[in-house]
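Visitor: Before anything else, here's the structure in question.
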Amino acid sequence: MNAPRTSSEGSITLHRNDLPDGLTFTGSVAVDTETMGLKPHRDRLCLVQLSAGDGTAHLVQIIPTSLGGKGYDCPNLKRLMADPSVTKIMHFARFDVAILQHALGITVSPVVCTKIAARLVRTFTDRHGLAALCRDMLGVDLSKQQQTSDWGALDLKPEQLAYAASDVLYLHALWAKMDALLHREGRRELAQACYDFLPARARLDLLGYEDPDIFSHRA
């Protein structure tokens, strides 16, 4: 079921259970997720947001079989997330890659992450959240009012859909700015090495190596 909407930020289409046949993304796609919490083994994936950077957001609502949906039986979404020819642009990709790999049973690659980029080049500040970056780099104010709402609800509110869409609608523009800074500061190659490691970092997190961190010096 598709439910097209228009917000002040762009066009939003809600898809239930999977992306529709025939909808394709080439080159790159902005990706974000909404979940019931921050623990992939406990909290289910509820929504996957996608944008080609064209002002349109496609939201895939993952509905459990117990509620009449198909759960994680979403072949078109899985194919896109694992497609080696499409770069997935994310913010704090470590979490999104982990929840997608855990829920969908795939390896999400290739990936770039605007938060990693920000930490590598914006060393003059500790404000690396998406809202702060969009405000500083793009002059866009994002509302975070719906951040802690119930994403497991069968019927998502218009405010939730608008919030979810905003998390991907600006990622292409933000990535262009951050990538330029990485090149300027001579850290693009280092950033790429971090991006390439993200699927493995996510697997370590899923195995419980977030704490203790195997890269930490402490015993």
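The values are calculated or read from the model by the stated rules, or taken from the named source; none is laboratory data. Treat the numbers as computed from the prediction; the structure is a model and nothing was measured. These area figures cover heavy atoms from the full protein model, side chains too; ligands, DNA and RNA do not enter into them. Shrake-Rupley method; radii C 1.70, N 1.55, O 1.52, S 1.80 Å.
Visitor: Using only the Cα atoms of the stretch 21-147, build the gyration tensor, take square roots of its eigenvalues as a ≥ b ≥ c, and label the shape rounded, prolate or oblate: rounded if a/c is under 1.5, else prolate if a/b is larger than b/c, else oblate. Intermediate values should be presented prior to the final figure.
Guide: Values: a/c = 1.76, a/b = 1.50, b/c = 1.17.
Because a/c hits 1.5 or more and a/b exceeds b/c, the stretch 21-147 counts as prolate.
Visitor: Separate question: Carbon-plus-sulfur fraction of the accessible area of the stretch 130-219, 1.4 Å probe, in percent?
Guide: 52
Visitor: Continuing with this model, one more query. Ignoring ligands, DNA and RNA, how do Asp167, Asp136, Asp211 rank by accessible area with a 1.4 Å probe, largest first?
Guide: Asp211, Asp136, Asp167
Visitor: Same structure, new question: So how far, in whole Å, is the C-alpha centre of the stretch 181-213 from the one of the stretch 62-109?
Guide: Centre-to-centre distance over Cα atoms comes out at 19 Å.
Visitor: Report, as a whole number in µm² per second, the diffusion coefficient that Stokes-Einstein gives for the chain at 37 °C and 0.692 mPa s using the Kirkwood radius over alpha carbon pairs.
Guide: Translational diffusion coefficient: 185 µm²/s.
Visitor: Please list log₁₀ I(q)/I(0) at q = 0.10, 0.16 Å⁻¹ for the stretch 127-219, using the Debye equation with identical point scatterers on the alpha-carbon positions.
Guide: Each listed q maps to, in turn, -0.44, -0.97.
Visitor: Based on DSSP H runs of at least 4 residues, each adding -39500 (n - 2.57), what is the mean residue ellipticity at 222 nm of the chain after dividing by all its residues, to the nearest 500 deg cm²/dmol?
Guide: -10500 deg cm²/dmol
Visitor: At a threshold of 8 angstrom on Cα-Cα distance, excluding pairs fewer than six apart, so keeping six or more, what relative contact order does the chain reach in percent?
Guide: 23
Visitor: Calculate what fraction, in whole %, of the accessible area of the stretch 40-88 sits on carbon and sulfur atoms when a 1.4 Å probe is rolled over the protein chains.
Guide: 51
Visitor: Still on this structure: What accessible area per residue comes out for the stretch 29-97, rounded to a whole number of Å², with a 1.4 Å probe?
Guide: 40
Visitor: Now, a different point. So what's the Cα pair-distance distribution over the stretch 9-85, bin width 5 Å, in %?
Guide: It works out to 3, 15, 25, 26, 18, 10, 3, 0, in whole percents.
Visitor: List the residues, sorted by chain then number, that are 5 or more residues from Leu19 or on another chain and whose placed amide H is less than 5 Å from its amide H.
Guide: Amide H neighbours of Leu19: Asn76, Leu77.
Visitor: Reported to two decimal places, what Rg/Rh ratio describes the stretch 122-181 when computed on Cα atoms with Rh from the Kirkwood expression?
Guide: Here Rg/Rh amounts to 1.05.
Visitor: Work out Dmax and Rg for the stretch 74-149 from the C-alpha atoms and quote the Rg first, both in angstrom.
Guide: In Å, with Rg to one decimal and Dmax whole: 14.5, 43.
Visitor: In percent, how large is the relative contact order of the stretch 93-151, given Cα pairs closer than 8 Å and 6 or more residues apart? Working shown, then result.
Guide: Numbers: 25 pairs, mean separation 10.8, N = 59.
About 18 percent, as a whole number.
Visitor: As a test of reading the structure, rank Glu159, Glu189 by solvent-accessible area (1.4 Å probe, protein chains only), most first.
Guide: Reading off the accessible areas and sorting them downward yields Glu189, Glu159.
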